[in-house]
Amino acid sequence: QSLFFCAFRVVKFRRTGESSRSDEDGISGEHEVQIEGVRTELEPVELGDGAAVPKEFANPTDDTFMVEDAVEAIGFGKFQWKLSVITGLAWANAMEMMILSILAPQLHCEWRLPSWQVALLTSVVFVGMMSSSTLWGNISDQYGRKTGLKISVLWTLYYGILSGFAPIYSWILVLRGLVGFGIGGVPQSVTLYAEFLPMKARAKCILLIEVFWALGTVFEVLLAVVVMPTLGWRWLLILSALPLLLFAGLCFWLPESARYDVLSGNQEKALATLKRIATENGAPMPLGKLVISRQEDRGKMRDLFTPHFRWTTLLLWFIWFSNAFSYYGLVLLTTELFQAGDVCSISSRRQEVQAKCSLTCEYLTEEDYTDLLWTTLSEFPGVLVTLWIIDRIGRKKTMALSFLVFSFCSLLLFLCVGRNVLTVLLFIARAFISGGFQAAYVYTPEVYPTATRALGLGTCSGMARVGALITPFIAQVMLESSVYLTLVVYSGCCLLAALASCFLPIETKGRGLQESSHKEWGQEMVGRGSHSPGESQE
C-alpha cells in the first residue's frame, strides 16, 4: 500500500514539538521550505506492513511532540476532574494531623499522662514525617509516582486504624510515629497531579486540591463533636481513616505519570496513558511521534545541588521550614491567646497555672470545639486569596506577600487588643500563612525537572517537618518566659522567608514543567510567545 502526496513550491508548517522550547534556541516555531521547481509527479511512500496511516500520526511533516505538548493539546477535562477528587482524598489526611489537637487532652485525662508525654505524642508524628519525606520522594522518582503514593497511603491507613486498638501509651506512641512515617509520602500526590495538568490550569488546580486539606480538618472537628461523647477516641481514630480508605478503593484507576514513563524509557506506556486521557477528555492527540526524553538517573540528591538548582534548593528549604514553623506555631499560640484573652493577660495567667498540678485534667468542651472550627475555617479565605493572586503577580511574590502579612499581624499582637480584634488578627494571619504554604506546593513541583521533582518536593516537606518539630519549644516553652520575644521570633522568621522568596532565581509563572535536568531553563520550559529572545530569565 502506498501513500501519494504532492510537493508544492513553498511548504509552510508549524512544529507542534516546539511548544515547550524557547525562542532562545534560535529555532523558530514556523519554518519555510523552498523547493526549486515544481514537481508535478506523485511520490509513493511505502507504509510498514501495508497498514493504513494512523489518525494520530497522519502528519506529512513527520513531526514530533513531547509529553508537555500532549498535555497542553489535550487540555483540562473529565480525566483531570476525576484525578482531582482521588488525589484530594489522599490529601484529606489532614484529619490525621487535626486529630492530634483532639486526642492529646483526651489521653491526658483518661491515662493521666504528664504534659511532656502528651507533647511527645504530637512530636513523634512530625519525627516520622521528617524521617520519611525524602525516602518517599526517592521512591517516587525511582519506581514511579503512583507506586510511592499508593504505598504511603496504604501504610498510613493501616497504622491509623491500628492506633485505635492501642492498649497502652507506649503502643500508641509507636503507632502514631508510624502514621507520621506514612503521612510523609502523601505530598507526592501533588507531584502526580501536577504532571497531568496543562500550564494554564496548574496553579489553580493544585490550590483547589489544597481545599481537601481544609475540608479534612473541618470534618475531623465535626466528627469529634459527634463521636467523642458517645463512642470515644478509639472510634475517632478508626473513622478518621475513611478518606484514605476511599482512596485505597479508587487508586486502581490512577495511571502512572506519562512524564515519568517517558523519562524511564517506557514510551509505549506513556503513549497509552496520553491516548487514554485524550479519549476521556474527548480531545485529539497531537500530530506526530512521541519523543523519548533522554534517560537519566532519577532521585539523586546531588541533582538538587547542581549549579542550576543549588540556590533554589537552599532557599526553598528555608521557605518550607518557615511555613511550617509559623503555621503550626500560630495554631499553638491561638489556644494560648484565646485562653488568656489577649497578650497582656498571658503573664498573669502563667502565674496562676504554675500553682496547678501538671496532671490537672480538662476535657475539651463544646466551646473548645467551636473555637477549633472557627480557626480552621480561616484556611478557606487563604485558598481564595492565593487563587486570585498567584497567576497575577507570580509564585515568588505570592509567597513573599503571604509571609509579610503574617509578620505584620504578628507584630500587631503586641497591642493589648480585645478578644474580637485578636480573633480577626489570628484569622488573617492563619489565612495568609496557609496561603503561602499552598503557593509553595505550586512552585516546588514546577521548578524541578521530572527526574528530581518528587525528591525535591520530599526534601522540602522534610524541612517543613523540622520547623514543625521546633515550633512547640517557641510557642509553648519560650512563651512562658516572654510572649513578646516569641512574637518577635515568628515575625522575624517570616520577614526572612519573604526575602528568600524574592531571591528565588526562577519564576515559574507561565512556564511548562521541565522534563530534563540537562537543559537550561528556557530551552524546554517556556511556551510559545511567553517571552522574546532578548528577554532575561528570572
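Every number in this text was worked out from the coordinates using simple rules, so none of it is lab data. What you are looking at is a predicted structure, and each value in this text was computed from that prediction instead of being measured. In this analysis, Cβ positions are derived from the backbone assuming ideal geometry, glycine residues included, and neighbour counts consider all displayed protein chains.
Listed values, structure above:
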{"read-out": "Additional length obtainable on full extension of the chain from Cys502 to Ile470, 0.36 nm per residue less Cα span", "value": "9.0 nm"}
{"read-out": "For the stretch 399-472 versus the stretch 187-212, the gap between their alpha-carbon centres in whole angstrom", "value": "18"}
{"read-out": "Length added when fully stretched, Lys78-Asn420, from 0.36 nm per residue minus Cα-Cα", "value": "118.7 nm"}
{"read-out": "Length added when fully stretched, Ala201-Asn281, from 0.36 nm per residue minus Cα-Cα", "value": "27.3 nm"}
{"read-out": "5 angstrom amide H check on Phe65, placed H, neighbours 5+ away", "value": "Lys289, Leu290, Val291"}
{"read-out": "Protection proxy ranking of 259-270, 461-472 - average other beta-carbon atoms within 10 Å, highest first", "value": "461-472, 259-270"}
{"read-out": "Average Cα contact separation per residue, the stretch 62-295, under 8 Å, 6 or more apart, as relative contact order %", "value": "38"}
{"read-out": "Under Karplus coefficients 6.51, -1.76 and 1.60, residue-wise ³J(HN,Hα) of the stretch 210-225 in Hz, glycine/proline x", "value": "5, 4, 4, 5, 5, 5, x, 5, 5, 5, 5, 5, 5, 5, 5, 4"}
{"read-out": "Value of D in µm² per second that Stokes-Einstein yields for the stretch 65-207, Kirkwood Rh from Cα pairs, at 20 °C (1.002 mPa s)", "value": "128"}
{"read-out": "Above-threshold pairs, the threshold being 23 Å between Cα atoms, out of Lys146/Lys509; Lys204/Lys269; Lys146/Lys275; Lys150/Lys289; Lys82/Lys269; Lys204/Lys509", "value": "Lys146/Lys509; Lys204/Lys269; Lys150/Lys289"}
{"read-out": "Efficiency of FRET from Cβ geometry, Arg392 and Leu120, R₀ 56 Å, rounded to 0.05", "value": "0.80"}
{"read-out": "Label-point separation in nm, Met301 to Tyr369, each point 7 Å along Cα→Cβ", "value": "4.5"}
{"read-out": "FRET efficiency for Trp111 and Ser482, using Cβ-Cβ distance with R0 set to 25 Å, rounded to 0.05", "value": "0.20"}
{"read-out": "FRET efficiency, 1/(1 + (r/R0)^6) with R0 22 Å, evaluated for Val85 and Thr147 via beta carbons", "value": "0.60"}
